[in-house]
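This report refers to the structure that appears directly beneath it.
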Amino acid sequence: MIHKIWMALFIIGIAYSFFTGRVADVNQAIIQGAAAAVTLVFSLAGILIFWTGILQVANQAKMLDLLAFLLRPVTKLLYPNLRKDHEAMKYLTTNMISNLLGLSSVATGAGIKAIQALQETNPDKKQPSFEMYTLLVVNTAGLALIPTTIITLRSTFNAINPTDVYAPIILTASISLVIGLAIHSVWSRIKRVKSSGDGATGCDRGTD
């Protein structure tokens, strides 16, 4: 549906330029937009490659294992029914670290692998488990200690201070995360959502 809306807007814009004699302006805008798009892609690709490389180095140096250990209280709070040796746990931790670094593209891959691993122990294969919903809420909130993408975008478009949105981003993301998890917790109890923690129910979470 959305592609039809964009196509309609594009056609209307082109038709309007013909009727108003502003075809040259449209052509100029297309050229400038294409150039800006290429610049933006290279800017984002550079920062993405950099942080992805840092993650790979950290993984080879066993730093991710250390971070996983340090984040264990957080993952235990978010996914109380999952054992620490559950296959999904390493992907959930990588997803969390990537999000905290503002690397949503990297987090997506880890999130997909986490969902696949959670599905393996999901008692109800036709419905998402409690942990899957939790992962969705965490990723949607987008809490990032280093909002890499936003800062890069603002820097690319010559913002005077690209980092001045840091505090509002942290505040709004934190509020979204807390409210999202609260609603998710209540709703999961009402609907008795199953857990991927080896057959435990959503109402049983918090037990070891």
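The values are calculated or read from the model by the stated rules, or taken from the named source; none is laboratory data. What you see is a predicted model; the values in this text were computed from it and never measured. Positions of Cβ are backbone-derived with ideal geometry, glycine not excepted, and every protein chain shown enters the neighbour counts.
Does PRO73 satisfy the criteria of being closer than 27 Å to GLN116 by Cα, exposed (fewer than 15 other Cβ atoms within 10 Å of the Cβ), modelled with pLDDT of 85 or more and under 25 Å from the mean Cα position of the chain (by Cα)? Even if it seems obvious, please write down each step before you answer.
On the way: closer than 27 Å to GLN116 by Cα: yes; exposed (fewer than 15 other Cβ atoms within 10 Å of the Cβ): yes; modelled with pLDDT of 85 or more: yes; under 25 Å from the mean Cα position of the chain (by Cα): yes.
Considered against the rule, which asks whether it is closer than 27 Å to GLN116 by Cα, exposed (fewer than 15 other Cβ atoms within 10 Å of the Cβ), modelled with pLDDT of 85 or more and under 25 Å from the mean Cα position of the chain (by Cα), PRO73 comes out as yes.
Residues in the stretch 185-196 that are assigned to a helix (DSSP H, G or I) and β-branched (Val, Ile, Thr): VAL186, ILE190. The condition (being over 28 Å from PHE50 (Cβ atoms), touching a helix residue (DSSP H, G or I) at 6+ places or on another chain (Cβ under 7 Å) and among the hydroxyl-bearing types (Ser, Thr, Tyr)) is satisfied by just one residue among SER98, SER129: SER129. Within the bounds of the stretch 43-63, is there any residue that is surrounded by 11 or more Cβ atoms within 10 Å (Cβ to Cβ) and of a type in the set (Lys, Arg)? Looking through the stretch 43-63, none of the residues is surrounded by 11 or more Cβ atoms within 10 Å (Cβ to Cβ) and of a type in the set (Lys, Arg). Yes or no: LEU177 assigned to a loop (DSSP other than H, G, I, E, B), closer than 25 Å to ALA68 by Cβ and in contact with a Gly (Cβ under 9 Å, 6 or more places away or on another chain)? The answer is no for LEU177.
Right, ALA182: over 17 Å from the mean Cα position of the chain (by Cα) and in a loop (DSSP other than H, G, I, E, B) or not?
Numbers: over 17 Å from the mean Cα position of the chain (by Cα): yes; in a loop (DSSP other than H, G, I, E, B): no.
No.
Restrict the check to the stretch 16-24 and report whether at least one residue is over 19 Å from the mean Cα position of the chain (by Cα) and on the phi > 0 side of the Ramachandran plot. Yes - at least one qualifying residue is present in the stretch 16-24. Just to be sure, is GLN119 in a loop (DSSP other than H, G, I, E, B), touching a residue at least 40 places away in the same chain (Cβ under 8 Å), surrounded by fewer than 16 Cβ atoms within 10 Å (Cβ to Cβ) and not charged (D, E, K, R)? When the stated conditions are applied, GLN119 does not pass them.
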